[in-house]
Amino acid sequence: MMNNKDQSYTDINIPQWLQALPAPVRPFALLMRLDRPIGTWLLFLPGLASILLAADGLGGLGLRGFIIAFFFAIGAIIMRGAGCIINDLWDRDLDKKVERTASRPLASGAISTRQATASLAFLLFLGLFILLQFDLLTIALGILSLGFVVLYPYMKRVTWWPQAFLGLTFNFGALMGWSAIHGGLSLSAFLLYIGGICWTLGYDTIYAAQDKDDDALIGVRSTVRLFEDKSHSMVRLFYGGAVCCWALALIMATSFAAGFLILFPAMHFYWQLQRWDWEDRALSLMLFKSNRDAGLLLCLACAGAAFLA
């Protein structure tokens with residue numbers, strides 16, 4: 001059901017570069033959410049943070065580290081696109097009933113199910129090619145993460161905590177980045193991963209506030225529907241958990257002083273919480289997108305931690 005106050009509410013944004021693409025290609029770019037790179041950033045940044053911390057900052061990356069980071073960036077674009085197609089294949093009937101998603105290519109009929117499936121197969125092939133450039137542990141982690149990608153859209157049908165499952169999925173890069181550098185894992189890698197899950201619980205609760213009314217009508221579950229007017233307090237709790245885990249990760253990897261660098265993303269979270277109104281859909285979308293900056297501040301902290309070792 002659409003909100004009468006805003007009959008055209010959508011998160012689709014067609015930038016000029018996308019408008020310049022041939023008309024037959026544009027629906028596939030929209031299917032991959034190339035018009036909205038925030039999802040790619042949020043998939044890439046946990047891995048980049050882990051790479052930087054594992055390599056002792058930019059100075060320790062070397063050529064190999066930069067190549068690993070480059071592959072992670074390309075892999076994030078590919079796998080985010082694949083994940084969006086999987087999500088839309090699961091949700092194509094539900095998307096027609098939600099104002100924000102009704103104009104997506106599969107829901108609107110701009111792309112057929114067969115075309116979307118072929119696109120998914122191509123992206124998964126490219127993703128496998130990227131993954132095979134790494135060591136066996138990183139490959140195994142990448143394959144394991146694919147199961148989470150496939151199952152995530154189902155979670156909103158069976159649990160009030162699909163945001164937690166998204167956190168498990170989107171933050172695998174924190175484990176893979178560490179293993180790609182060291183060939184193994186450490187407590188710091190797991191702390192980055194757990195902190196990332198808390199972060200995702202926070203930002204995706206904010207994101208889900210856009211759809212809470214439509215979701216209630218069609219039976220889709222989310223943390224914002226579970227928490228309702230307690231959502232603000234719960235996001236504060238999730239962001240606090242992220243800050244604590246990330247600070248411990250930096251302390252374990254380098255020194256006690258390095259943990260204070262997490263104050264930078266923490267201040268960004270405070271800014272979000274001061275502004276967020278869960279009834280304001282446009283503001284929720286804006287604050288959700290601002291988590292790219294929170295992730296970059298995390299990466300900055302990881303890059304600088306070695307200087308305080």
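The values are calculated or read from the model by the stated rules, or taken from the named source; none is laboratory data. None of these values were measured; they are calculated from a predicted model. Please note: Cβ atoms are built from the backbone with ideal geometry, for glycine as well, and neighbour counts cover all protein chains shown.
General observations
- Restricting ALA23, ALA29, ALA76, ALA82 to residues that are within 21 Å of LEU185 (Cα to Cα) and small (Gly, Ala, Ser) narrows the list to ALA76.
Every residue, every condition in (1) within 18 Å of the chain's Cα centre (by Cα); (2) of a type outside the set (Asp, Glu); (3) closer than 17 Å to ASP215 by Cα, yes or no:
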site: ALA82; (1), (2), (3): yes, yes, no
site: LYS97; (1), (2), (3): no, yes, yes
site: LEU106; (1), (2), (3): no, yes, no
site: ILE111; (1), (2), (3): no, yes, no
site: LEU131; (1), (2), (3): no, yes, no
site: GLY147; (1), (2), (3): yes, yes, no
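- Matching entry among ARG275, ARG225 (being surrounded by fewer than 15 Cβ atoms within 10 Å (Cβ to Cβ) and out of contact with any Pro (no Cβ under 6 Å at 6 or more places or on another chain)): ARG275
- Residue ranges of helices (runs of 4 or more DSSP H) in segment 98-188 with at least 2 members hydroxyl-bearing (Ser, Thr, Tyr) and farther than 28 Å from TRP199 by Cα: 113-131
- LEU191 vs. criteria surrounded by fewer than 24 Cβ atoms within 10 Å (Cβ to Cβ), among the hydrophobic types (A, V, I, L, M, F, W, C) and modelled with pLDDT under 95: no
- Test: residue in segment 128-140 that is under 18 Å from PHE28 (Cβ atoms), aliphatic (A, V, I, L, M) and buried (at least 17 other Cβ atoms within 10 Å of the Cβ): no
- Subset of segment 119-150 that is β-branched (Val, Ile, Thr) and free of Cβ contacts under 8 Å to residues at least 24 places away in the same chain - its residue that is nearest to ARG80 (Cα to Cα): ILE143
- Only listed residue being under 19 Å from the mean Cα position of the chain (by Cα), modelled with pLDDT under 95 and of a type in the set (Gly, Ala, Ser), chosen from SER290, SER255, SER222: SER222
- Close contacts from segment 182-208, counting a first residue that is over 17 Å from LYS230 (Cβ atoms) and of a type in the set (S, T, N, Q) and a second that is modelled with pLDDT of 95 or more and surrounded by fewer than 22 Cβ atoms within 10 Å (Cβ to Cβ), with Cβ to Cβ under 6 Å and a gap of 6+ residues or different chains, come to SER188/MET252.
- In summary, LEU21 fulfils each of the numbered conditions (1) of a type in the set (A, V, I, L, M); (2) part of a helix (DSSP H, G or I); (3) more than 17 Å from ASN291 (Cα to Cα) with the single exception of condition (2).
- Number of positions in segment 248-258 that are surrounded by 22 or more Cβ atoms within 10 Å (Cβ to Cβ) and in a helix (DSSP H, G or I): 4
- Of all residues in segment 56-74, those satisfying the criterion of being part of a helix (DSSP H, G or I) and in contact (Cβ under 8 Å) with a residue 60 or more places away in the chain are LEU58, GLY59, GLY60, GLY65, ILE68, PHE71, PHE72.
- When restricted to residues that are within 17 Å of the chain's Cα centre (by Cα), surrounded by fewer than 22 Cβ atoms within 10 Å (Cβ to Cβ) and charged (D, E, K, R), segment 194-219 contains 0.
For (1) closer than 17 Å to VAL150 by Cβ; (2) at pLDDT 90 or above, each residue gets a yes or a no:
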site	(1), (2)
LEU61	no, yes
ILE68	no, yes
ALA76	no, yes
ALA82	yes, yes
ILE86	yes, yes
GLU99	no, no
ALA102	no, no
